[in-house]
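Let me begin by presenting the structure, written as structure tokens, before commenting on it.
The values are calculated or read from the model by the stated rules, or taken from the named source; none is laboratory data. Everything quoted here is computed from the prediction, not taken from an experiment. Don't worry about glycine lacking a Cβ; one is built from the backbone with ideal geometry, like all the others, and counts go over all protein chains shown. Ligands, DNA and RNA are excluded from the accessible area calculation, which covers all protein heavy atoms including side chains. Shrake-Rupley method; radii C 1.70, N 1.55, O 1.52, S 1.80 Å.
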Amino acid sequence: MNTRRLQFGLLLVLLVGDVVTTTHALQEAGCREGNPVAAVFVWSPLLHLIIKLSFAGVVLLLARQADRMVPGSGTWCVAAAVGLYMVVVANNLL
């Protein structure tokens, strides 16, 4: 399995994890969404998931475009998104 597929799979797991942990925090733990942009759609787990999966699609498109410009550079686009969402999910778990 190549690195890009592994990273993209991890990104998908993290995005779903973000939706699950955010939904739990908002509905079960009584927390509030701190991001005013996200507050518009996080009230609906399905809408939240659709937006997160759309983000994954954008990351994939950007990675492919980066690869066209500099072969192999798209891996760094996906790695950056993975790093970002590792922090987001860790924050939600805390």
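Details
- Projected label points at LEU94 and ASP67, each 7 Å from Cα along the beta carbon direction, are separated by 3.5 nanometres.
- Cβ-based net charge around ALA63, under 15 Å, with every Lys or Arg adding one and every Asp or Glu removing one: +3
- Sulfur and carbon atoms: percent of accessible area, the chain [1.4 Å]: 70 percent
- Cα lying deepest toward the dipole's positive end in the chain, options LEU6, VAL20, HIS48, charges on Cβ: LEU6
- Per residue, the convex hull around the alpha carbon atoms of the chain comes to 93 Å³.
- Charge dipole of the chain (Cα centre as origin; +1 on each Lys and Arg Cβ, -1 on each Asp and Glu Cβ, all else neutral): 320 debye, rounded to the nearest 20.
- Contour minus Cα-Cα distance for ILE50 and GLN27 (0.36 nm per residue): 6.4 nm
- Our summary gives the chain a relative contact order of 41 percent, counting only alpha carbon pairs under 8 angstrom and 6 or more residues apart.
- For the chain, the longest principal axis of the Cα atoms and the long axis of helix 3-27 meet at an angle of about 10 degrees.
- The chain - mean residue ellipticity at 222 nm from DSSP helices (-39,500 (n - 2.57) per run, n ≥ 4, rounded to 500): -26000 deg cm²/dmol
- Average accessible area per residue (Å²) across the chain - probe 1.4 Å, nucleic acids and ligands excluded: 66 Å²
- For VAL37, the accessible surface of its heavy atoms amounts to roughly 100 Å² (probe 1.4 Å, protein chains only, rounded to the nearest 10).
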